[in-house]
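The block underneath contains the structure these notes are about, expressed in structure tokens.
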Amino acid sequence: MPHSLAASLPDDRQDDARMFDLAPVSLWLEDYSGVKQLFDEWRSAGIVSLREYLEEDIERVRACSRRIRVIKVNRRTLSLFEADNLAHLVDNLDKIFRADMFKSHIEELVQLWDGNTEFGSNAVNYNLSGKRLDIQLKGTILPGHESRWDRVLVAIEDVTERETARRELAISETYSRGLFEHSPVSLWVEDFSAVKNLLDDVRRQGISNFRTFTDVHPEFIARCLSEIRVIDVNRHTLELFASPDKRTLLSNLGDVFREEMLDHFREQLIDLWNGKIFQQREVVNYSLAGDELHLHLQFSVLPGYEHDWSLVQVALTDITARKRAEAYLEYLGKHDVLTKLYNRSFYVDELNRLERKGPFPVTVVMIDLNGLKMANDQLGHAAGDALLRRAGEVLSKAVDKPSCAARIGGDEFALLMPGTDERDAKLVLESIENMLEVNNQFYTGLPLSFAMGLATSEPGERLEAVVRRADLRMYEAKRAYYASTERDRRA
């Protein structure tokens, strides 16, 4: 409003104009006289139920909407809908009021048709950048304009945040009320009231440290587990645990929850003792077919049942594939892919661990694969890789835990044998020589041959010195091998 015009208005009119413009909610002053005229025409045509009439053809709703004329809006409206001015807003009403608003618009029109001077609805609008706005709309035909509907004040409150929260809560409530049958995760509804009674009895006995109590009385954990009553499970649970029906599953829970489950369940009880009625953890169960299942467990005492735990929901997500992938990645981190032996990283870590903790003596065998370069140069890397795989087959069978075999370089291998003296280590080398002979009989082509050096730690000797001694002896064996090969070639 121009300043000169505002100044010429009475004070109360000026105040009204300022309040309209500065109101914290979106305000629209609109002319609905065209809508009233259309209503009068429809009544004359014999229309009785406006709702049915509008729902038959959505174009009739659009016809009503086109009859509404926007007279003015306040600053909050321009800000909310990201419009520069009234003209900018009006020119883009089709972007603000989209098809999904017409259903709520029917409600507003029906209220007016029924003779109400006030109307309201919850609807969806969009700002000019396309963002969805959940709104609460309230409209009033201003006093003195009831016969013409030419002045209607519409207030729009942005309730997007509230409605978003409400929708999320509705989904959660629907989920928790029992619509779990088609869930893609395993859901169990259980009664933990007997477990709560057992915990309360222990507390009444004056026990304060429940972890210590379960250390002394491990049978209490098994008793609590036996007191859980399963009320229901969903379809995915039957699929996951390979059960034909609920009765079969529930009558064979001992096969599902085996002894190793007790450690996980103990931690669950300790959390419950400490008041944690919502929990998440990883557990291991078994299907009725005997397959090990790694599961992510989410435990929740349902709202309203905190006093007795008589309704609990347990959600189990199958993470077996992920655990296998993690195990494989861990395997790759410690193993050489080609030979399946441990890799250099593991070898270094294990050498450092043995340096600190033993047991001593520690025997180190350094091994070099003879003829790998020649195989690669003359026959290609596929032939060389085949030799390396064969080396892995032999060395993996040469030692048992806690000893280990590792590939530490291209054609270099090592055996670490804690608690093994030189006499026993030489027996291992003899075993390797025998296995090489068998391997060469089994495989045609290039013979598999090792140059090996052995060294056993002396009291107080650093293992790096033992490795150096073993390395030197391996190189002596390597030189002897090639000297012998050269003599044979000349002969």
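The values are calculated or read from the model by the stated rules, or taken from the named source; none is laboratory data. Predicted model, so just to flag it, every value in this text is computed and none were measured. In this analysis, Cβ positions are derived from the backbone assuming ideal geometry, glycine residues included, and neighbour counts consider all displayed protein chains. Only protein heavy atoms, including side chains, enter the accessible area calculation; ligands, DNA and RNA are left aside. Shrake-Rupley method; radii C 1.70, N 1.55, O 1.52, S 1.80 Å.
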Answer with yes or no whether Ala383 is open to solvent by less than 30 Å² (accessible area, probe 1.4 Å), touching a residue at least 12 places away in the same chain (Cβ under 8 Å) and out of contact with any strand residue (DSSP E or B) (no Cβ under 7 Å at 6 or more places or on another chain). yes
Go through the range 277-322 and count every residue that is touching a residue at least 60 places away in the same chain (Cβ under 8 Å) and either assigned to a loop (DSSP other than H, G, I, E, B) or over 18 Å from Ser172 (Cα atoms) (or both). 8
Residue ID - modelled with the lowest pLDDT, chosen from residues in the range 129-142 that are more than 18 Å from Glu163 (Cβ to Cβ) and loosely packed, with under 15 Cβ neighbours inside 10 Å: Ser129
Among (1) open to solvent by 50 Å² or more (accessible area, probe 1.4 Å); (2) farther than 15 Å from Ala391 by Cβ; (3) of a type in the set (A, V, I, L, M, F, W, C); (4) without any contact (Cβ under 8 Å) to a residue 12 or more places away in the chain, the one test that Phe442 misses: (2)
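Does Asn85 meet the test of being open to solvent by 50 Å² or more (accessible area, probe 1.4 Å) and over 45 Å from the mean Cα position of the chain (by Cα)? I'd like the intermediate steps shown before the answer.
Details: open to solvent by 50 Å² or more (accessible area, probe 1.4 Å): yes; over 45 Å from the mean Cα position of the chain (by Cα): yes.
For Asn85, the condition - open to solvent by 50 Å² or more (accessible area, probe 1.4 Å) and over 45 Å from the mean Cα position of the chain (by Cα) - is met.
Please enumerate the residues belonging to the range 50-76 that are assigned to a strand (DSSP E or B), open to solvent by less than 80 Å² (accessible area, probe 1.4 Å) and basic (Lys, Arg). Show your work before the answer.
Filtering the range 50-76 for residues assigned to a strand (DSSP E or B) gives 69-73.
Keeping just the survivors that are open to solvent by less than 80 Å² (accessible area, probe 1.4 Å) gives 70-73.
Result: Lys72, single match.
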When Gln268 is run through (1) touching a strand residue (DSSP E or B) at 6+ places or on another chain (Cβ under 7 Å); (2) within 17 Å of Leu187 (Cα to Cα); (3) polar (S, T, N, Q), the failure sits at (2)
Any chance you could count how many residues in the range 107-123 are open to solvent by 20 Å² or more (accessible area, probe 1.4 Å) and not in a helix (DSSP H, G or I)? 7
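Yes/no per residue for (1) assigned to a loop (DSSP other than H, G, I, E, B); (2) open to solvent by 30 Å² or more (accessible area, probe 1.4 Å):
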{"position": "Lys401", "(1), (2)": "yes, yes"}
{"position": "Ala414", "(1), (2)": "no, no"}
{"position": "Ala425", "(1), (2)": "no, no"}
{"position": "Val428", "(1), (2)": "no, no"}
{"position": "Ile432", "(1), (2)": "no, no"}
{"position": "Met435", "(1), (2)": "no, yes"}
{"position": "Pro459", "(1), (2)": "yes, yes"}
